[in-house]
1. First measure r as the distance between the Cβ atoms of Glu118 and Asp47, then evaluate 1/(1 + (r/R0)^6) with R0 = 41 Å and state the FRET efficiency to the nearest 0.05.
2. Determine the percent antiparallel among the DSSP beta bridges restricted to segment 63-138, to the nearest 5.
3. Extending each Cα 7 Å along its Cβ direction at Leu28 and Arg104, get the distance between those two points in nm, one decimal.
4. How large is ³J(HN,Hα) for each residue in segment 20-34, as worked out from phi by the Karplus curve 6.51 cos²θ - 1.76 cosθ + 1.60 (θ = phi - 60°), to whole Hz, x for Gly and Pro?
5. If you add up the charges near Lys133, with Lys and Arg at +1 and Asp and Glu at -1, over every other residue whose beta carbon is less than 10 angstrom from its beta carbon, what do you get?
6. Measuring from label point to label point, each 7 Å out along Cα→Cβ, what is the Ala35 to Lys133 span in nm?
Amino acid sequence: MPAIEPDGTGGISTGINVTPLCDIFVVLLIILMMAHDEIQQKGPAVDLPQRMTPSPDPDHDDVTLTIGRDPAHVYLATGSGAATAFTTQDLPAALQDALGRSVRKEAMVRAAGEVPLERTVKVIGMAYKNGAKSVGIATPSASPPARS
């Protein structure tokens, strides 16, 4: 049955009928939305590791360098001892002494986020030049651990 032109001439319409096309797109949209939900629910279960705080080992001979906001001093602590402030001129001799007594020859450099990177790299270089076999880098956590 031929479609009637809007002007009433009764000729054949050559335009595409978009109603079935819209129906097909709606059905495809619904199928894709349902498939998307099914795909998201089929993922494998993942057990993420929890953050662990290591217990302090009294026999450890760790050498810890703490770089604070004060540009004149770097704090050096060995084992579970208190940190001592050193100037950048006195730090190499103190590092040589501390790393000379250390069995593992490892140093940990702690710096706050506000400390310039140049200063941190300089302290790491001093640690390597004065006997450190490896150097770890640490930053303070966002929230301090709870005390018991």
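1. Working: r = 41 Å, r/R0 = 0.99.
E(calc), rounded to 0.05, equals 0.50.
2. Numbers: 8 of 18 bridges.
Here the share of antiparallel DSSP bridges comes out near 45 percent.
3. That separation, rounded to one decimal, is 6.1 nm.
4. Result, rounded to whole Hz: x, 5, 5, 4, 4, 5, 5, 5, 4, 4, 5, 5, 5, 5, 5.
5. On the way: positive: Arg104, Lys105; negative: Glu106.
With Lys, Arg at +1 and Asp, Glu at -1, the neighbours total +1.
6. Output for this residue pair reads 5.7 nm.
No lab work stands behind these numbers, since they all come straight from the coordinates. Every value quoted in this text rests on a predicted model; they were computed, and no experiment measured them. Note that we place each Cβ from the backbone using ideal geometry, even for glycine, and neighbour counts take in every protein chain shown.
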